[in-house]
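The structure under discussion appears below in the form of structure tokens.
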Amino acid sequence: MAKSVTMQLIESHLVDGEPRPGEEIALAVDQTLTQDATGTLVMQELEALGLDRARTRVSVQYVDHNLLQTDERNAEDHAFLRSAARRYGLWFSKPGNGVSHPTHMHRFGIPGATMVGSDSHTCAAGALGMLAIGVGGLEVALAIAGEPLYLRMPQVWGVRLVGELPPWVSAKDVILEMLRRHGVNGGLNRVIEYHGPGLAGLSAMDRHVIANMGAELGATTTVFPVDDAVRAFLRSEDREDDFVELLPEDGAGYDTEDEIDLGSLEPLIARPSSPGNVVPVREVVGEPVSQVVIGSSANPGLRDFAIAAAMVAGRQTDDAVSFDVNPSSREILQDLTKMGATFELIAAGARIHQSGCMGCIGMGQAPAVGQNSLRTFPRNFPGRSGTAEDAVWLCSPETAAAAALTGVITDPRDLADQLGLEHNAPPLPERASVNTSMLVPPLPAEKAAAEPLVKGPNISGLPDFAPLPDTVTAPVLLKVGDHISTDEISPAGARALPFRSNIPKLATSTFAGVDETYVERAAQARDSGHVVVGGENYGQGSSREHAAITPRYLGLIAVIAKSFARIHWQNLANFGVLALEFVDPGDYDSIDRDDVLHLQGLPAAIASAGELTITNTTKDRRYRLRHRLSPRQAEAVLAGGRIPLLARRAG
């Protein structure tokens, strides 16, 4: 059978299992990516594993999230990460060098390679024809140590692109169209592979926009072919020697298929507070706007900033709007400045921030309560901005810049007609301003072995977790609805992120935006442990394993949900939390907060079968539940997590 690009990538890296949908497979990992918000735990896990040196081809530690140094804690994390990169043989990208995903694409992405990253948007590297998968930090640590990545073989979803994008419609509108059609869990257990003649009009960085937000569809990853657009990108980065053509074979088949006529698209926007709440811009024209932010890994290319600069050139943004620009990398900022675009942005009233994630992760740029904020970001989950009662919309740079000028949501096509704007960003340079001065290469092995880990007072050790007991009688401390995100389980933002390396302190903010009494009640139930009940797609969003660790630290034994997001489901297993699904989703309605649940004979039930029965002793009802754990995962859960299991084996 003719093979898709995805199948070629999987088969060339397969080390165990059969690549049939639903079967567990193991893949060799060529590269890893970590960022500071999740990387501190990865480095602590490397220490716990006793690693001597990274065994991947390339591993890079970026500092792009925790950039606001309002006290000493973030600086301590940065020093720790630098020392760990030196100790374990990783590249180190200094604070301010850039957002991990576009920076990695510029400097390290290799067509045909595999990569795992402790960030859900690692999938952006699929724009270069990589099989790049966001996972929990522990799986990245194991990959750095030379272990393969285990995952359930996904379906391959072929999306054929035809036609050309109309004026004032760009790559962000393509992925918003996918979200409009399929919602935030439409890609669950699927790899999305784009193909077809429409690719000819999409640059490598356009593809990055689309691949990045495949995470918002819940997809395992996104893959593009390696064609002339990728060659042109690598040439512009002085890396044409890394080009290797990788195309779908003639007649390649897909497990499921879709098609988008690019010429039929119009400007789209995701309303608050979900990336899947997508409508045409024309339906919400006139909504007042108080903030516009351009940047993030979702629209990180030079073109994305240059088109905004061209639109506001010679004009002043509306006096009610804070117009914020977050350059995605030092390279992009240099090229914008050479083009004169930085001057145009500043003259129009833009506030230029440092190169990093910034407001995307809630590190600054929090909007006012009740005021609309338009952002070229990938996510708008409730409270992610740093404001509990926020109203964040997701859109293209064109739509964002139009709102910055008018003070209301505006269809950029209408603005173009009013102002006589041409839909042409200034010509982009054929060669990028390649700047590697803020990338620190790995130390030689003989020097690395003597490097000490620098740990400030805010850096704790990993908690010790006990094995799963035979019998559990525990209360339901929390019942939540559909699509609860990891932002809502373990918040981001300037108040919580500085404690990412301090689990006891970070745990105090667990579920803070959902139920502020949760932490106190968990302390009262510490002897028995507790259960959380959830709806569909529990744990969507960020790959942060803190959303599994902090509830576990507070006594969480099991989560019972209608369904789980892929990465969080794996993170729960990695840290010894039992993830169970209702066989009958209707049973969800009959469980309430404070009901007491009884599970007996857990080790035998988990090890021998995919189903077990739980009793609601409060209501004298029984429910059939299932787990989807492989024997390998079941062993880890029973041991209290993968680290205790590895320690037991070593002992």
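The values are calculated or read from the model by the stated rules, or taken from the named source; none is laboratory data. Computed from a prediction, not measured in an experiment: that's the story for all the values here. With ideal geometry, Cβ positions are generated from the backbone for all residues, glycine too; neighbour counts draw on all protein chains shown.
Are any of the residues in the range 282-295 crowded, with 24+ Cβ neighbours inside 10 Å and either in the same structural domain as Val184 (by TED's automatic domain parsing) or out of contact with any strand residue (DSSP E or B) (no Cβ under 6 Å at 6 or more places or on another chain) (or both)? No: zero hits. Just checking, does the range 409-430 include any residue being part of a loop (DSSP other than H, G, I, E, B), among the polar types (S, T, N, Q), farther than 22 Å from Val209 by Cβ and touching a residue at least 24 places away in the same chain (Cβ under 8 Å)? Checked against the condition, which is being part of a loop (DSSP other than H, G, I, E, B), among the polar types (S, T, N, Q), farther than 22 Å from Val209 by Cβ and touching a residue at least 24 places away in the same chain (Cβ under 8 Å), the range 409-430 yields no hits at all.
Here Phe233 clears all of (1) under 27 Å from Gly109 (Cα atoms); (2) in the same structural domain as Asn66 (by TED's automatic domain parsing); (3) not in a helix (DSSP H, G or I) except the condition numbered (3). Mind checking whether some residue in the range 353-373 is touching a strand residue (DSSP E or B) at 6+ places or on another chain (Cβ under 9 Å), modelled with pLDDT of 95 or more, closer than 17 Å to Ala309 by Cβ and not charged (D, E, K, R)? So far as the range 353-373 goes, no, none of its residues is touching a strand residue (DSSP E or B) at 6+ places or on another chain (Cβ under 9 Å), modelled with pLDDT of 95 or more, closer than 17 Å to Ala309 by Cβ and not charged (D, E, K, R). Here Ala143 does not fit the description of being closer than 27 Å to Phe575 by Cα, in contact with a helix residue (DSSP H, G or I) (Cβ under 8 Å, 6 or more places away or on another chain) and assigned to a helix (DSSP H, G or I). Residue pairs whose Cβ atoms lie under 8 Å apart, sitting 6 or more positions apart in sequence or on different chains, and linking a residue in the range 278-292 that is in a strand (DSSP E or B) to a partner that is of a type in the set (Asp, Glu), are Val278/Glu177; Pro280/Glu266; Gln291/Asp324; Val292/Asp324. The helices (runs of 4 or more DSSP H) found entirely in the range 475-562 include none that carry 2 or more residues being within 23 Å of Thr34 (Cα to Cα), assigned by TED's automatic domain parsing to the domain that holds Ser120 and of a type in the set (Ser, Thr, Tyr).
So that you can scan it fast, the table gives a plain yes or no per residue for (1) β-branched (Val, Ile, Thr); (2) more than 21 Å from His530 (Cα to Cα):
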| position | (1), (2) |
| --- | --- |
| Pro603 | no, no |
| Ala607 | no, yes |
| Thr615 | yes, no |
| Leu625 | no, no |
| Arg632 | no, yes |
| Gly641 | no, no |
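Going through the range 14-40 one residue at a time, which ones are in contact (Cβ under 8 Å) with a residue 40 or more places away in the chain and hydrophobic (A, V, I, L, M, F, W, C)? Residues satisfying the conditions are Val15, Ile25, Ala26, Leu27, Ala28, Val29, Leu33, Ala37.
Within the option set Gly513, Gly539, Gly529, being within 16 Å of Lys479 (Cα to Cα) and within 19 Å of the chain's Cα centre (by Cα) holds for one residue only, Gly539.
Scanning the range 115-132 turns up one or more residues that are touching a Gly at 6+ places or on another chain (Cβ under 7 Å), crowded, with 23+ Cβ neighbours inside 10 Å and of a type in the set (Asp, Glu). In the set Ala366, Ala391, only one residue is in contact with a helix residue (DSSP H, G or I) (Cβ under 8 Å, 6 or more places away or on another chain) and small (Gly, Ala, Ser); that residue is Ala366. Listed by first and then second residue, the pairs with beta-carbon distance under 6 Å, at least 6 apart or on different chains, first residue in the range 550-561 and farther than 16 Å from Pro491 by Cα, second part of a helix (DSSP H, G or I), are Gly555/Ala522. Selection of the range 526-547 for residues being surrounded by fewer than 18 Cβ atoms within 10 Å (Cβ to Cβ) and in contact (Cβ under 8 Å) with a residue 24 or more places away in the chain yields Arg526, Ser528, Gly535.
Of all the numbered requirements in (1) more than 30 Å from Thr220 (Cα to Cα); (2) modelled with pLDDT under 90, Ala492 misses one, and that requirement is (1).
Checked against the criteria, Ser100 counts as touching a Gly at 6+ places or on another chain (Cβ under 9 Å), at pLDDT 95 or above and assigned by TED's automatic domain parsing to the domain that holds His13. Among residues belonging to the range 1-38 that are in contact with a Lys or Arg (Cβ under 9 Å, 6 or more places away or on another chain), buried (at least 21 other Cβ atoms within 10 Å of the Cβ) and of a type outside the set (A, V, I, L, M, F, W, C), point out the one that is farthest from Asp77 (Cα to Cα). Going through the qualifying residues, I end up with Gln31. Looking only at the range 149-164, decide whether some residue is in the same structural domain as Glu237 (by TED's automatic domain parsing), surrounded by fewer than 24 Cβ atoms within 10 Å (Cβ to Cβ) and under 23 Å from Ser100 (Cα atoms). The answer is yes, given that some residue of the range 149-164 is in the same structural domain as Glu237 (by TED's automatic domain parsing), surrounded by fewer than 24 Cβ atoms within 10 Å (Cβ to Cβ) and under 23 Å from Ser100 (Cα atoms). For the range 365-385, residues that are of a type outside the set (Lys, Arg), part of a loop (DSSP other than H, G, I, E, B), in contact (Cβ under 8 Å) with a residue 24 or more places away in the chain and more than 19 Å from Ile332 (Cβ to Cβ) total 9.
Among residues of the range 253-271 being at pLDDT 95 or above and small (Gly, Ala, Ser), the one that is surrounded by the fewest Cβ atoms within 10 Å (Cβ to Cβ) is Ser264. The single residue among Asp324, Asp335, Asp304, Asp319 that is assigned to a strand (DSSP E or B), at pLDDT 95 or above and acidic (Asp, Glu) turns out to be Asp324. Taken over the range 115-145, the criterion of being of a type outside the set (Val, Ile, Thr) and within 17 Å of Arg632 (Cβ to Cβ) is satisfied by Gly136, Leu138, Glu139, Ala141, Leu142, Ala143, Ala145. Would you please name the residue that is farthest from Ile269 (Cα to Cα), looking only at residues in the range 377-394 that are surrounded by 22 or more Cβ atoms within 10 Å (Cβ to Cβ) and touching a Ser or Thr at 6+ places or on another chain (Cβ under 6 Å)? Residue satisfying both the conditions and the ranking: Phe381.
Out of the residues in the range 424-446 meeting the condition of being buried (at least 17 other Cβ atoms within 10 Å of the Cβ) and more than 30 Å from Phe92 (Cβ to Cβ), tell me which one is nearest to the chain's Cα centre (by Cα). The residue in question is Ala425.
Of all the criteria given as (1) of a type outside the set (Phe, Trp, Tyr); (2) surrounded by fewer than 24 Cβ atoms within 10 Å (Cβ to Cβ); (3) in a helix (DSSP H, G or I), the one not satisfied by Ile567 is (2). Among the residues here, Ser385 does not qualify as of a type in the set (Gly, Ala, Ser) and closer than 19 Å to Gly98 by Cβ. The single residue among Ala466, Ala450, Ala400, Ala388 that is in a loop (DSSP other than H, G, I, E, B) and under 25 Å from the mean Cα position of the chain (by Cα) turns out to be Ala388. The numbered conditions (1) in contact with a Pro (Cβ under 9 Å, 6 or more places away or on another chain); (2) surrounded by 20 or more Cβ atoms within 10 Å (Cβ to Cβ); (3) assigned to a helix (DSSP H, G or I) are all true for Leu67 except (3).
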